[in-house]
Amino acid sequence: MPTNAVKGTVTYDGQAIKTGVIYFDNKDSTLPSYNATITEGAYSAAVVKGKYTVRIQASKLEPLPPGVVGASGEKEGLVQYLPAKYNEKTELSADVSGPAEFNFSLKSD
């Protein structure tokens with residue numbers, strides 16, 4: 001199945017997302033879904049033509065609650081910091097009909 005080069009940028013409140021993952025979930029369940037790593041706000045992927053729901057995930061280290069430590073004594077843990085409307089309850093989409101650039105400017109609530 002031929003793919004199309006898809007690339008773009010992802011920012012959150014005007015700042016490039018340092019690291020994360022962008023998912024292109026095909027709305028037609030007979031076609032595959034795709035994902036790409038976000039590095040310093042940029043991503044690129046090879047995606048089959050179709051309509052996609054887009055999810056974006058990004059985590060950062062946060063202090064654990066008082067009295068809680070990780071399995072190896074960690075005092076910090078990774079926490080998803082993007083609102084649900086950009087990941088598990090996404091409102092984002094992309095229609096890939098050829099090579100394309102999709103830039104996502106995400107905002108906090």
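Rule-based calculations on the coordinates, nothing more; no lab input. Owing to the predicted nature of the structure, the values given are computational and were not obtained by experimental measurement. Positions of Cβ are generated from backbone atoms using ideal geometry, with glycine treated the same way; all protein chains shown enter the neighbour counts.
Observations
- Scaled against 2.2 N^0.38 Å for its residue count N, the alpha carbon radius of gyration of the chain is 1.22.
- The number of Lys pairs in the chain with C-alpha atoms less than 21 Å apart, excluding pairs fewer than 8 positions apart on the same chain, is 20.
- Cβ crowding within 10 Å averaged over residues, with 82-93, 48-59, 63-74 ranked highest first: 48-59, 82-93, 63-74
- Rounded to the nearest 20, the Cβ-based charge dipole of the stretch 3-97 about its Cα centre (Lys and Arg +1, Asp and Glu -1) stands at 200 debye.
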